[in-house]
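Notes to accompany the following structure.
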Amino acid sequence: MITIAWDIDCTLNDYILEILKYINYHRGTNFQLNDTTHYNLTKCLPFQEKEIWGYLDNFKLEGKYILLKPNSEILQWLKKYGDNFHHIALTACSVKTASISAQWLFTYLGNWFRGFYFVPSNRDEKHIEYDKNKIEWLKRHKVDIYIEDNEDNYLQAKKLGIECYLIKQPWNNGEPVKEILKKITRRIK
């Protein structure tokens with residue numbers, strides 16, 4: 001069976017859009033999705049890294065993350081074709097919020113997903129380091145298809161020979177979800 005590794009945030013859900021609303025509420029700002037010229041908010045918003053990390057973590061720790069709905073196109077595709085593939089999630093998040101990301105995944109998409117893997121994101125947290133990033137993780141595990149919104153990860157994964165798809169976001173040159181799902185559906189035997 002073909003294994004698909006999905007990024008979670010901004011691929012399976014609209015995390016960045018909701019984070020921007022959260023930041024706007026707390027800071028009195030008016031950031032929009034088109035202001036995100038990079039997947040890493042510390043590179044496109046005028047805040048210190050630790051402040052951005054705080055917003056990202058607090059959004060999850062305050063219970064707002066679990067309320068995010070999955071991408072509706074992906075959810076409909078999973079309902080129709082999901083049982084033809086083995087689905088796992090590969091995400092980068094803080095150690096202290098990984099369980100929240102896993103809870104979100106299995107709450108909404110647990111009918112299809114059987115694995116949750118995370119690489120600790122670059123925080124000041126102390127943790128055991130198995131892999132420095134998703135690419136190192138992908139080198140150690142067998143994945144047939146990888147779906148991501150981070151163009152750097154997408155390009156590096158392609159170099160590993162993995163069939164990769166880049167989900168369209170304002171910060172990348174990806175494809176619309178609908179087109180990606182059509183291509184993956186063609187892999188059904």
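Just so you know, all these numbers are worked out from the coordinates, no wet-lab data involved. All values derive from a computational prediction rather than experimental measurement. No Cβ is skipped: glycine too gets one built from the backbone with ideal geometry, and neighbour counts run over all protein chains shown.
Under the simplified labelling scheme, the residue 141-residue 80 pair shows an inter-label distance of 2.8 nm, with each label point 7 Å from Cα along Cα→Cβ. Here the translational diffusion coefficient of the chain follows from Stokes-Einstein with Rh set to the Kirkwood radius across Cα pairs; for 4 °C and 1.567 mPa s it amounts to 76 µm²/s.
Alpha-carbon geometry of the range 104-189: the Rg and the Dmax are 14.4, 46 Å, given in that order.
Compute the whole-percent fraction of alpha carbon pairs in the range 44-129 spaced more than 19 Å apart. In whole percent, the long-distance tail amounts to 47. Beta bridges assigned by DSSP with both partners in the range 1-143 are antiparallel in approximately 10 percent of cases. Label sites at residue 182 and residue 160, each approximated as a point 7 angstrom past Cα along Cα to Cβ, lie 2.8 nm apart. The loop-placed GluC sites (Glu not before Pro) in the range 42-83, going by DSSP, that have at most 16 neighbouring Cβ atoms within 10 Å of their Cβ come out as 62.
Helix 49-61 against the longest principal axis of the chain: what's the angle in degrees, Cα atoms only, rounded to the nearest 10? Roughly 70 degrees, rounded to the nearest 10.
With R₀ fixed at 25 Å, the C-beta to C-beta distance from residue 58 to residue 17 puts the FRET efficiency at about 0.90.
The ranking of 158, 80 from fewest to most other beta carbons within 10 Å of each one's beta carbon is 80, 158. Pairs over the 20 Å Cα-Cα cut-off, from the set 139/183; 96/134; 79/178; 79/189; 64/96: 139/183. Full extension of the chain between residue 47 and residue 132 yields a length gain of 28.2 nm, computed as 0.36 nm times the residue separation minus the alpha carbon distance. Take the convex hull of the alpha carbons in the range 15-66; its mean projected area over all directions comes to 3.3 nm². Distance between the pseudo-spin-label points of residue 38 and residue 173 (7 Å out from Cα toward the beta carbon): 1.9 nm. The length gained by stretching the chain between residue 25 and residue 107 to full extension, at 0.36 nm per residue less their Cα-Cα distance, is 26.9 nm.
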